[in-house]
Amino acid sequence: MPLTEVQARVLEFIRQEILSTGRSPSLTEIQAEFGYASPHTARFHVTNLVEAGYLDRQPGHRGLRLPDTGGLRMAGTVAAGSPIQAIEEQDERIDLGGFSDDNHFALRVRGESMIEEAIADGDLVVVRKQSTCGDGDLVVARMGDEATLKRFYHDRQKRRVRLQPANSSMEPIYCRQEDVEIEGVVVGVIRLMGTGTRRSG
């Protein structure tokens, strides 16, 4: 079942807390993170996520767990530089602890246009599937058969968008709004270093 935008944000918060601290946030902590008036709203979202299979629940106020999804599919390669054609790598999977193919996919980064945001050539990005985004979001943007990883900004006066690199030696890409399709918003970066990983989100 597709997640609403609010549910996706709550799930990402819970997932990041579990991955970074080894324990799930309490309902009170979820309430505080999103500014809800009472923990009942947090309980409502958590219950829906559990019923939809995005979380497992065990006894205790920190009993939320990430389900075993069998790994996230590597959808291909995305350019952090000039746009390139996506390369399908359907047989490769990576275990990222609870991410679902229904709402996310992973891409390997090629290039250094986002190096000033610590996203390097060879890193993996986890992308939440969605066709809309806000100014400043880090997105996978498709133009025809090519895709690129950039920060997205509207230039409404000129009816165009700016795809902004994070590399002072590179120029932004300008496109007509109708020529750009958003594949998703980046929610995590992973660097594989031997047997260890670096995660951020």
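Values in this text are rule-based calculations from the coordinates and carry no lab data. On a predicted model such as this, the values are computed, not experimentally measured, just so you know. A quick note on method: Cβ atoms are made from the backbone with ideal geometry, for glycine too, and the neighbour counts reach across all protein chains shown.
Under 11 Å from the Cβ of R176, count the other residues' Cβ atoms, weight Lys and Arg +1, Asp and Glu -1, and hand me the total.
Details: positive: K158, R159, R160; negative: D155, E178, D179.
With Lys, Arg at +1 and Asp, Glu at -1, the neighbours total 0.
If you take every residue apart from G22 with its C-beta less than 12 Å away from the C-beta of G22, what net charge results, scoring Lys and Arg +1 and Asp and Glu -1?
Working: positive: R23, R62, R65; negative: E17.
Every neighbour counted, the sum reads +2.
Compute the distribution of all C-alpha to C-alpha distances in segment 5-65, in bins of 5 Å from 0, and list the percent of pairs in each, rounded to whole numbers.
4, 20, 34, 30, 11, 1
Length gain on complete extension for the stretch A120 to R159, per 0.36 nm per residue less the alpha carbon to alpha carbon distance? Walk me through the intermediate numbers first.
Numbers: separation 39, 0.36 × 39 = 14.04 nm, distance 3.10 nm.
Stretched out fully, the A120 to R159 stretch lengthens by 10.9 nm.
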